Amino acid sequence: MKLEVTGLTKCYGTTRALDGLTLPVESARVLVLIGPSGGGKSTLLRVLGGLEMADGGTVKINGHALLPDAAALQAYRRKNGFLFQQFNLFPHLTAHRNISLPLEKVHGHAPVRAREIAAQALDRFGLLDHADKLPAQLSGGQQQRVGIARAVAHQPEVLFLDEPTSALDPEMTAEVLELIQELAEAGQDIILSTHEMGFARAVADQVAFVAAGKIEELSPPAGLFGAPRSALCQRFLSRVMRY
Ligand SMILES: Nc1ncnc2c1ncn2[C@@H]1O[C@H](COP(=O)(O)OP(=O)(O)OP(=O)(O)O)[C@@H](O)[C@H]1O
Ligand SMILES: [Mg+2]
């Protein structure tokens with residue numbers, strides 16, 4: 001994917017969540033956002049995914065400009081896939097129905113076809129055994145994998161993941177990260193935020209260090225993790241990589 005993001009601003013009351021953020025990415029399969037809590041990663045993901053409008057600045061993804069038009073934004077959101085750190089699934093619906101319902105209601109598939117696609121998505125990620133379970137009957141890692149299966153069932157142009165493993169223990173984290181890696185290897189364009197630095201390094205084509213509403217540093221992982229240029233990024237990495 002190609003990103004042309006210039007001068008993004010977004011305020012919540014007096015908080016400047018995005019402060020003139022500029023992010024030029026010529027070509028990347030997987031863009032990973034890292035940085036301190038409150039730096040603006042989630043806000044940036046919501047704006048890039050069309051879930052929220054910035055107050056100022058411009059966004060183009062693959063040459064397509066995001067315009068402040070409700071219908072255009074809705075159409076844009078439909079082309080993409082989303083997963084957040086928790087509370088992704090409808091608690092009263094089975095894993096299978098969690099996937100087939102949006103295929104019917106949002107993507108306009110006939111019920112029979114929606115059920116077929118949902119079963120294929122569960123099968124692809126080794127989740128068929130869990131098709132008839134409610135989210136509460138699944139482990140956190142399984143829930144997130146169902147969430148990802150749902151997010152990619154309609155073959156999104158870009159998959160947006162906001163800290164998809166932050167609520168999981170290490171083993172469940174590993175199973176979700178493996179699935180994300182598989183998707184990337186299969187050619188899925190992904191923009192994700194994470195605090196898993198080892199994973200960021202392994203899966204990213206480009207890593208953006210986001211702090212105080214700006215991109216402090218943007219580079220392929222070897223450069224950013226091996227020899228960060230910005231003092232803020234150096235300090236952040238030396239703290240999070242210490243343990
Ligand atoms: N809906 C909101 N209402 C008010 N303030 C918000 C809202 N969303 C974000 N903020 C503020 O905007 C700033 C950026 O928040 P954001 O959630 O984008 O950071 P983040 O980098 O994702 O942090 P974390 O790593 O903790 O998830 C923070 O100061 C946050 O408190
Ligand atoms: Mg966040």
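Within region 53-60, one or more residues are among the small types (Gly, Ala, Ser), more than 13 Å from ligand 2 (Cβ to nearest atom), farther than 17 Å from SER219 by Cα and outside any strand (DSSP E or B). Residues of region 50-78 that are in contact with an Asp or Glu (Cβ under 9 Å, 6 or more places away or on another chain) and within 17 Å of LEU161 (Cβ to Cβ): ILE61 alone. If you filter region 52-63 down to residues that are farther than 15 Å from PRO156 by Cα and of a type outside the set (Gly, Ala, Ser), you find that the one that is nearest to ligand 1 (Cβ to nearest atom) is GLU52. The selection criterion, being within 28 Å of ARG113 (Cβ to Cβ) and not hydrophobic (A, V, I, L, M, F, W, C), holds for GLU157. Applying the condition of being in contact with a Pro (Cβ under 9 Å, 6 or more places away or on another chain) and not hydrophobic (A, V, I, L, M, F, W, C) to region 194-204 and asking which residue is nearest to ligand 1 (Cβ to nearest atom) yields THR194. Taken over region 19-42, the criterion of being closer than 13 Å to GLU4 by Cβ and buried (at least 24 other Cβ atoms within 10 Å of the Cβ) is satisfied by LEU21 alone.
Quick grid of which residues meet (1) in contact with an Asp or Glu (Cβ under 9 Å, 6 or more places away or on another chain); (2) modelled with pLDDT of 95 or more; (3) over 30 Å from GLU196 (Cα atoms); (4) more than 16 Å from ligand 2 (Cβ to nearest atom):
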residue	(1), (2), (3), (4)
THR9	yes, yes, no, yes
THR22	no, yes, no, yes
VAL32	yes, yes, no, no
PRO36	no, yes, no, no
HIS92	no, yes, yes, yes
VAL112	no, yes, yes, yes
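Every residue, every condition in (1) β-branched (Val, Ile, Thr); (2) under 27 Å from VAL240 (Cα atoms); (3) modelled with pLDDT of 95 or more; (4) in contact with a Gly (Cβ under 9 Å, 6 or more places away or on another chain), yes or no:
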{"residue": "MET1", "(1), (2), (3), (4)": "no, no, yes, no"}
{"residue": "THR6", "(1), (2), (3), (4)": "yes, no, yes, yes"}
{"residue": "GLY39", "(1), (2), (3), (4)": "no, yes, yes, yes"}
{"residue": "LEU48", "(1), (2), (3), (4)": "no, yes, yes, no"}
{"residue": "PRO68", "(1), (2), (3), (4)": "no, no, no, no"}
{"residue": "ALA71", "(1), (2), (3), (4)": "no, no, no, no"}
{"residue": "HIS96", "(1), (2), (3), (4)": "no, no, yes, no"}
{"residue": "LEU103", "(1), (2), (3), (4)": "no, no, yes, no"}
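Looking at LEU89, LEU73, LEU8, LEU101, which is the one that is within 30 Å of PHE236 (Cβ to Cβ) and buried (at least 16 other Cβ atoms within 10 Å of the Cβ)? If you could, list the steps in order and put the result at the bottom.
Details: LEU89 fails: within 30 Å of PHE236 (Cβ to Cβ); LEU73 fails: within 30 Å of PHE236 (Cβ to Cβ); LEU101 fails: within 30 Å of PHE236 (Cβ to Cβ).
When all the criteria are applied, what remains is LEU8.
Against the test of being farther than 30 Å from LYS60 by Cβ and either in contact with a Ser or Thr (Cβ under 6 Å, 6 or more places away or on another chain) or not small (Gly, Ala, Ser) (or both), the options LEU177, LEU183, LEU159, LEU127 yield a single qualifying residue, LEU127. Among residues of region 4-20 that are on the phi < 0 side of the Ramachandran plot and among the acidic types (Asp, Glu), those with a beta-carbon under 6 Å from a residue that is within 16 Å of ligand 2 (Cβ to nearest atom) and part of a strand (DSSP E or B) at least six positions away or on a different chain give the pairs ASP19/LYS214.
Of all the criteria given as (1) touching a residue at least 12 places away in the same chain (Cβ under 8 Å); (2) of a type outside the set (Ser, Thr, Tyr); (3) under 22 Å from HIS154 (Cβ atoms); (4) assigned to a helix (DSSP H, G or I), the one not satisfied by LEU89 is (4). Across region 123-176, the qualifying residues are those that are without any contact (Cβ under 8 Å) to a residue 24 or more places away in the chain and among the aliphatic types (A, V, I, L, M), and the one among them that is nearest to ligand 1 (Cβ to nearest atom) is ALA174.
The values are calculated or read from the model by the stated rules, or taken from the named source; none is laboratory data. These numbers were taken from a predicted model, which means no experiment stands behind them. Note that each Cβ is placed from the backbone with ideal geometry, even for glycine, and that neighbours are counted across all protein chains shown.
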